[in-house]
1. Every residue in region 63-77 that is closer than 30 Å to GLY162 by Cβ and either of a type in the set (D, E, K, R) or in a loop (DSSP other than H, G, I, E, B) (or both), please.
2. It is to be established whether one or more residues within region 91-107 are part of a strand (DSSP E or B), surrounded by fewer than 18 Cβ atoms within 10 Å (Cβ to Cβ), out of contact with any Asp or Glu (no Cβ under 7 Å at 6 or more places or on another chain) and of a type in the set (A, V, I, L, M, F, W, C).
3. Please state which one of LEU123, LEU111 is under 22 Å from VAL33 (Cβ atoms) and either within 16 Å of the chain's Cα centre (by Cα) or not in a helix (DSSP H, G or I) (or both).
4. Pick out the one residue from SER76, SER48 that is free of Cβ contacts under 8 Å to residues at least 60 places away in the same chain and within 16 Å of the chain's Cα centre (by Cα).
5. Answer with yes or no whether PHE25 is under 26 Å from PHE120 (Cα atoms), modelled with pLDDT of 80 or more, outside any loop (DSSP other than H, G, I, E, B) and not charged (D, E, K, R).
Amino acid sequence: MASRPPQRTTRLSSARSGLRGSERFSLWLLAAVAATIGALSIVGAATSIVGLFDARGASVPLFTDAPVPDDAATGSATIVSGAFTEAQVVIAGLEPWSLVLLAGGIAVGALIFAALAALFVALCVAVLRGKPFGRSMTWIVATVSVTLIVGGLTSFALTGIGQFWIVDQLNASPGDTIFPTATAGDLTPVFIGIGLAAIGAAFEIGARLQRDTEGLV
């Protein structure tokens, strides 16, 4: 008799969500994949940060403008023109604060990616519970949107200043370098955050409709 109430609760929860077993399995699988990707982004960021403070030299990504050598192709096809736009450079003797800024940009970037993964996991769980427009989801979407906007701008600033400082240490003369630009910048997370803010407003409307519907029932 003690085991029946949990079974009834599970059946009732499944009925409320309106999902078949295969659909529930797919949602759990997607949530697991999203959580794994979020964890891997943090591990990758940690690895990159450790590489910055290697005693043999800091492994730094820099944007460059170097032409592809003419003899790079040895087959029947020939290279008409080409250039390298990014290089992973190992540099020794850099000032610690420039590396700290770059590490901060990498860490914040990983936090942004992890926040998106957490949002996806929360959405999958909310759908499984049959409450995709619950009050908690509204707050989660709003929090992640703010994280993306603020984090995107912060990561852009930290990475840009750090790379500019590193390029300045490599070449005293700005015109005599293959690293003419410190960073190309990526404000994509900021625009995604703005889009999520609009989605958050839609979730708030959906939450109100869901509460009104539950009140009628």
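The values are calculated or read from the model by the stated rules, or taken from the named source; none is laboratory data. All figures in this text were calculated on a predicted structure; none of them were measured in a lab. Cβ coordinates were reconstructed from backbone atoms using ideal geometry, including for glycine residues, and neighbour counts include every protein chain displayed.
1. ASP65, VAL68, PRO69
2. Yes, region 91-107 contains at least one residue that is part of a strand (DSSP E or B), surrounded by fewer than 18 Cβ atoms within 10 Å (Cβ to Cβ), out of contact with any Asp or Glu (no Cβ under 7 Å at 6 or more places or on another chain) and of a type in the set (A, V, I, L, M, F, W, C).
3. That would be LEU111, the only listed residue that is under 22 Å from VAL33 (Cβ atoms) and either within 16 Å of the chain's Cα centre (by Cα) or not in a helix (DSSP H, G or I) (or both).
4. Going through SER76, SER48 in turn, the sole match is SER48.
5. So PHE25 passes the test.
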